[in-house]
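**Student:** My questions will all concern the structure given below.
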Amino acid sequence: MQVLGVIPARYQSSRLEGKPLADIHGQPMIQHVYERARQARCLDRVVVATDDQRIFDAVRGFGGEAMMTSTAHRSGTDRVAEVARSCEADVIVNVQGDEPMLDPQMIEEIVAPFRQGVGAGLVTLKRETRDEAVWADPGVVKVVTDLKGWALYFSRSLVPYRRNQTPRSRVFEHIGLYAYSRECLGRLSQLTPTPLEETESLEQLRALENGIRIYVVETECGRHSVAVDTPADLEQVRRLLAG
């Protein structure tokens, strides 16, 4: 089984323009992400997918592999799908380009179900959270699954609503790392936005609304990781990596 890791990276960002090239202790952020992804033993190849020549040149400059992709893509998934069409791979992992503290073990965890034959076309991660501030934060996506680990719904609201708190009451945040079968990624890239997706602004709901099942693996990894969306996030990552 050939496994391809793709890191979509674009220069434009509403809150931190040019963040893939933001300096973190002498290296651009995209290099930190790339090198952590390369540590995942399950990945046979890692490619940065970008539409910006500056990012392309930076990746090539530190010895990484990059591909130029269309400027018309609406999402990172579409950019990943373009790279996948030109590569031979059975499983494609979408690695977020703003996670310079990525734990490579998380990549191993989302690829494992494909080797185990669970029958999934799309796999992602969840992690239990007991922080009520996180429950109320719409910036943190929550997920509920059935008893076998298949996603029932993703939401920016608290799900499930905790009317009754029992020993089995648990809240899970969704971790935005995805692995797709080649067939599933190809199908997803052809689908148009759906009502729930537009309402919640969550692309993964497009899969559920079209009957594509999502298998969700529980992880304990990455609890101290910080995704970089703002200048404050960037400074926090610099402090943490310095330590």
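**Student:** What is the distance in Å between the Cα centroid of the stretch 37-104 and that of the stretch 166-243?
**Tutor:** 17 Å
**Student:** Could you calculate the contour length gain from His25 to Glu65, that is, 0.36 nm times the residue separation minus the distance between their Cα atoms, to one decimal place in nm? Could the numbers behind the result be given before it?
**Tutor:** On the way: separation 40, 0.36 × 40 = 14.40 nm, distance 2.14 nm.
Result for the pair: 12.3 nm of gain on full extension.
**Student:** Then there is this: Can you list the residues of the stretch 142-166 with backbone N under 18 Å from a point 7 Å past the Cα of Glu132, pointing along Cα to Cβ?
**Tutor:** Hits in the stretch 142-166 for Glu132 at 18 Å: 157-166.
**Student:** Relative contact order for the stretch 97-243 using alpha-carbon pairs under 8 Å, separation at least 6, rounded to a whole percent? Show your work: numbers first, answer last.
**Tutor:** On the way: 215 pairs, mean separation 52.0, N = 147.
Contact order relative to length: 35 percent.
**Student:** For the pair Ala112/Ser157, report the inter-label distance in nm, with labels modelled 7 Å from Cα in the Cβ direction.
**Tutor:** 3.3 nm
**Student:** Just rank Ile24, Ile175, fewest to most, by other beta-carbon atoms within 10 angstrom. Write out the running numbers ahead of the final one.
**Tutor:** Values: Ile24 18, Ile175 26.
So the residues, fewest neighbours to most, are Ile24, Ile175.
**Student:** By how many nm would the segment from Glu88 to Thr199 grow when fully extended, if each residue of separation counts as 0.36 nm and the alpha-carbon distance is taken off?
**Tutor:** On the way: separation 111, 0.36 × 111 = 39.96 nm, distance 3.52 nm.
That works out to 36.4 nm of additional length.
**Student:** Let me ask another. Relative contact order for the stretch 187-241: what percent, with Cα pairs under 8 Å and sequence separation of 6 or more?
**Tutor:** Details: 25 pairs, mean separation 9.8, N = 55.
In percent, rounded to a whole number, it is 18.
**Student:** Please build a GNM for the chain, connecting alpha carbons under 10 Å apart, and tell me which residue among Leu205, Leu122, Leu152 fluctuates the most.
**Tutor:** Of Leu205, Leu122, Leu152, the most mobile in the Gaussian network model is Leu152.
**Student:** Would you calculate a helix-derived [θ] at 222 nm for the chain, using -39,500 (n - 2.57) for each DSSP H run of n ≥ 4 and dividing by the full residue count, to the nearest 500? Please report the intermediate quantities before stating the final value.
**Tutor:** Details: 9 runs with 77 residues, N = 243.
Per the formula, -9000 deg cm²/dmol.
**Student:** A follow-up question, please. Can you give the Rg to Rh ratio for the stretch 123-243, taking only C-alpha atoms and Rh from Kirkwood? Don't skip to the end; give the middle numbers.
**Tutor:** Details: Rg = 15.8 Å, Rh = 15.9 Å.
My calculation of the ratio gives 0.99.
**Student:** Expressed in nm to one decimal, what extension gain is obtained for the pair Lys148 and Arg45 from 0.36 nm per residue of sequence separation less their Cα-Cα distance? Could the numbers behind the result be given before it?
**Tutor:** Numbers: separation 103, 0.36 × 103 = 37.08 nm, distance 3.06 nm.
Result: 34.0 nm gained on full extension.
**Student:** Given the C-alpha centroids of the stretch 1-27 and the stretch 120-135, what is the distance between them in whole angstrom?
**Tutor:** Between the Cα centres of the stretch 1-27 and the stretch 120-135 lies a distance of 23 Å.
**Student:** Remind me, relative contact order of the stretch 20-70 in percent, using alpha carbon pairs under 8 angstrom and six or more residues apart? Let's see the in-between values first.
**Tutor:** Numbers: 54 pairs, mean separation 15.7, N = 51.
Here the relative contact order equals 31 percent.
**Student:** Using 1/(1 + (r/R0)^6) with R0 = 30 angstrom and r between the beta carbons of Leu191 and Ala242, what's the FRET efficiency to the nearest 0.05? Kindly include the intermediate steps, with their values, before the conclusion.
**Tutor:** Details: r = 43 Å, r/R0 = 1.42.
Once the sixth-power term is evaluated, E becomes 0.10.
Any read-out appearing in this document is the output of simple, stated calculations on the displayed coordinates, not a laboratory observation. Model, not experiment: these values are computed from the prediction. Quick reminder, even Gly has a Cβ in these numbers, built from the backbone with ideal geometry, and neighbours come from all protein chains shown.
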